[in-house]
Each structure stands twice: as C-alpha cells, then as structure tokens.
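The values are calculated or read from the model by the stated rules, or taken from the named source; none is laboratory data. It should be emphasised that the depicted structure is a prediction, and the values quoted were computed from it without experimental measurement. Counting neighbours? That spans all protein chains shown, and the Cβs are built from the backbone with ideal geometry, glycine included. Accessible surface is based on the protein model in full, side chains and every heavy atom, while ligands, DNA and RNA are left aside. Shrake-Rupley method; radii C 1.70, N 1.55, O 1.52, S 1.80 Å.
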Amino acid sequence: MKKSNVIIVLTGLIALLVTQQSFVGGSDEVQTKEQLGSKLFFDNILSKDRTINCSSCHKPEFAFADTATFSKGIDNKLTARNSPGLTNLSGRTHFFWDGRAASLEEQALGPITSPDEMGLTIEEAVKRLNDDEFYANAFKKIYKTAPNKDNLLKALAAFERTLETNNSPYDRYINGDDNALSAAAARGRLLFIGRGNCNNCHSGEDFTADRFKSIGLYNGKNLNDQGRFKITKDSTVLGEFKIPGLRNVAVTAPYMHNGQFKTLRQVVEYYNNPSAVVSDGINRDLSLDKPLNLSTQDIDDIVAFLKALTDDRFAGNIPKN
C-alpha cells in the first residue's frame, strides 16, 4: 500500500475512534448500561457470521449513517433502504423509514434479526452473550441478571440515546452568537423558515415534525417502495415515509429512503420543483404542488444553512459540494 493511502486509512481510523469516544468512553471495562450498549454496537458477536456489527451500517464519523446508497449485510446482501443517521433520536416517536418501530428498543431488534442485515435470531444472540464470559458478567453486574432479549435491546437503546448533538454553528447562533452563521447560512435560515417552506415538515429542536409524508418519490414504476402503506395498508399513506431530523444532515448523504439524491443541493433542487425530477409521483403532498421558484443563490444559501446544523465533532466530514 502506498504511503499516502496508509496515511488516509490511519486518519480515518483515528477520526472514527475520536468520534466514538466522544459519545461514550472507549474502555473495555463497562460500568453503565450505556457503555455496555456501546460495546455491543461495535461488536460482531451480534451478526450471524460474526463479520459485521451495528457500526458497519451506522458509521460514527458520518453521524452514525452510511455513505452507501444501500448498506451491506451478511453475505454482502443489500438493505432495501438507505441507512439513516442515529443522532438525536431520543425524542422521536417512530423509527425506520416506515415507522414500524415505536421505540429505540424495538428498533434495535430489527437489524439483528433481519436476514438481509445481521441475520441472527434473537435466541441465538442471547445464547452467544450468555456463553461469552465478558458479556455474561457485564449483564449480571449492570442488570443484575443474565443476558436476555429485554436487557440486550435496552442496552443498545441506552447507547443510542447518548448520541445527542447540540454543538453546531446553528446552536451557537440561536444561543446569542450572531457571528456563528455565515452570511449565506443566515440567509438560508430565513429561506428555510420562510419562502422555502422547509419548516413545515422540518420543525422543532431536531428539525422534524415526527410525521409521515409523501414527497412524490413513489410512482408504482421505477419508484415502487410503498413506504408507510406496507405497515398500515391504508391507501391514504401510500408512498409516505418518516420525516427525518436534519441535525448533521450534511454528513449523511445520500438522501431519501432510496438514496436517490447524492448531495444536499440535489435535495433542495428537488423541493424547488418536484415535478421537474419526478413528473408522475403518486399521492404527493399538496404543499409540493407548486414550484418554489428559488434562485441559484437561494439554493446555495439553504444548503449553507443545512451544513450549519452539523455538530462540531462531524464538521471535518462535510463534503464540499
């Protein structure tokens, strides 16, 4: 391997370790349920062939998202949807793109048992933990009982609840630092809450209304993921997906449930005129019926604002485009 490539690899590993330890300490000695969950999150013991772990699809340096359109599970199987980031989920009410889980504990079960992801039955997962001296002792110390389905999922969820971020340029701006946002980002903020109408769906502290919406990325042809309809069988929600939070969104590309858009600029351009990108979207929300008529400068400014939602620990991974 060339020296330059070695440096790149080492730099990436250092960044990953720093990011991981900035949430929960990296010591092998676990004292809390959060630390136990962290160790499980990064341990291959929970995948059928012991080749991957939760961080394989939720990379710490990218706000615990994946940079691939679809993540690779065991045997190189691809997930059906893009793996979203995991930061700032403690206040959410639904999980997964289709909202099929109502808690972080329920969400944690999905990837472990999915045949396209970690492919391990929960019974086998619990057996492995009981057979492992470290985990058997750790669970007994922290939960006062042997590893079981309930405390396994609680530990993973406890770790995920530590992935809260609130140290971005935007946070400093709303806390009184008028110089925290660039001029472009400040203009973008006004467009975001005004003419761009972004705030209609991306509201609140974490920029999500915790609802489901069809933005027109289902047409029953080349775009055939029915989204929320698969869970509810209610035709009124055909093509709807969970509105994601936007904190750290600049480092979680590609975007949407199908990873259709590779950059934030492509996302904003889509919302500027959805029909120009997908002319036959079914059940698209009425608020997206008319073009926004944003100028090139407007789009640049909104992108600048979205980048300003990035916590400092991820800022080094913001792409230039």
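Conditions (1) part of a loop (DSSP other than H, G, I, E, B); (2) in contact with a Ser or Thr (Cβ under 7 Å, 6 or more places away or on another chain); (3) within 30 Å of Val268 (Cα to Cα), marked per residue:
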{"position": "Gly119", "(1), (2), (3)": "yes, yes, no"}
{"position": "Lys141", "(1), (2), (3)": "no, no, no"}
{"position": "Asp177", "(1), (2), (3)": "yes, no, yes"}
{"position": "Arg189", "(1), (2), (3)": "no, no, yes"}
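What's the total number of residues in the stretch 198-208 that are surrounded by fewer than 15 Cβ atoms within 10 Å (Cβ to Cβ) and outside any helix (DSSP H, G or I)? Number of matching residues: 2.
Quick grid of which residues meet (1) in contact (Cβ under 8 Å) with a residue 40 or more places away in the chain; (2) of a type in the set (Phe, Trp, Tyr):
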| residue | (1), (2) |
| --- | --- |
| Asp98 | yes, no |
| Thr113 | no, no |
| Leu120 | yes, no |
| Ala125 | yes, no |
| Ala136 | no, no |
| Tyr143 | yes, yes |
| Ala146 | no, no |
| Leu153 | yes, no |
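Among the residues of the stretch 163-179, those identified as within 25 Å of the chain's Cα centre (by Cα), open to solvent by less than 70 Å² (accessible area, probe 1.4 Å) and farther than 21 Å from Pro84 by Cα are Pro169, Tyr170, Asp171, Tyr173.
Hand me the list of helices (runs of 4 or more DSSP H) wholly inside the stretch 213-301 holding 2 or more residues that are within 22 Å of the chain's Cα centre (by Cα).
229-232, 264-272
Mind listing just one residue for me: the one in the stretch 237-263 that is among the polar types (S, T, N, Q) and under 19 Å from Pro274 (Cβ atoms) and, of those, most open to solvent (accessible area, probe 1.4 Å)?
Applying the filter and picking the extreme gives Gln260.
Restricting attention to the stretch 295-315, does a residue exist that is crowded, with 21+ Cβ neighbours inside 10 Å, out of contact with any Leu (no Cβ under 8 Å at 6 or more places or on another chain) and aromatic (Phe, Trp, Tyr)? Yes - at least one qualifying residue is present in the stretch 295-315.
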